[in-house]
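Engineer: The structure is given below, and queries will be raised subsequently.
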Amino acid sequence: MHHYDEPVYLISIVAKILDIHPQTLRQYERENLINPSRSDGRIRLYSQRDIDKIKLILRLTRELGVNLAGVDIILNLKETIDAMEKEIAQLRHDVETAKNAHSVSPEKSLVTKKSLYEMIVFKE
């Protein structure tokens, strides 16, 4: 089993898997829609991530009638949204961490938890 981002598929295999001509893949690369890795011998190698991106491109062009310029805009917007969603998740995590960091330590609190009951302890 290969890692999702590991470049292992040759252009002929990807073309066969997706039932498209290798020239279509070369065109997508010329349009900067995909960027497959290259071996030391300059052979294109595609990862599963690349294949999934090509599937999205094919869906946009074939099923939705989007031209390649539109696909480029959509892919760029998708990348921006994905980055923003990741940033929002990190910010939410940071906010939760900050909220939890401001809690009073157990030795300084007036209320301590014992079992299922809360007890109020007054220090003199």
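Engineer: Check the range 75-87 and report whether any residue there is closer than 17 Å to A15 by Cβ and among the acidic types (D, E). Break it down into steps so the answer makes sense when it comes.
Structural biologist: Of the residues in the range 75-87, the ones closer than 17 Å to A15 by Cβ are none.
Scanning the range 75-87, I find no residue that is closer than 17 Å to A15 by Cβ and among the acidic types (D, E), so the answer is no.
Engineer: Can you spot a residue in the range 37-48 that is among the basic types (K, R) and in a helix (DSSP H, G or I)?
Structural biologist: No - not one qualifying residue is present in the range 37-48.
Engineer: While we're here: Quick one: which residue in I34, I13, I20 is without any contact (Cβ under 8 Å) to a residue 40 or more places away in the chain, assigned to a helix (DSSP H, G or I) and among the aliphatic types (A, V, I, L, M)? Show your work before the answer.
Structural biologist: Values: I34 fails: assigned to a helix (DSSP H, G or I); I20 fails: assigned to a helix (DSSP H, G or I).
Every option except I13 fails the conditions.
Engineer: Okay, next question. Report, ordered by the first and then the second residue, all pairs with beta carbons closer than 9 Å, sequence separation of six or more or different chains, a first member in the range 42-56 that is among the polar types (S, T, N, Q), and a second member that is assigned to a strand (DSSP E or B).
Structural biologist: S47/Y9; S47/S37; Q48/Y9
Engineer: Confirm whether S103 is at pLDDT below 95 and of a type outside the set (A, V, I, L, M, F, W, C). Reasoning before the result, please.
Structural biologist: Details: at pLDDT below 95: yes; of a type outside the set (A, V, I, L, M, F, W, C): yes.
Yes; evaluated as a whole, the condition is true for this residue.
Engineer: Related question: Tell me which of these L75 doesn't satisfy, since it passes every other one: (1) without any contact (Cβ under 8 Å) to a residue 24 or more places away in the chain; (2) in a helix (DSSP H, G or I).
Structural biologist: (1)
The values are calculated or read from the model by the stated rules, or taken from the named source; none is laboratory data. Since this is a predicted model, take the numbers as computed values, not measurements. Cβ sites come from the backbone with ideal geometry, for glycine too, and all protein chains shown count toward neighbours.
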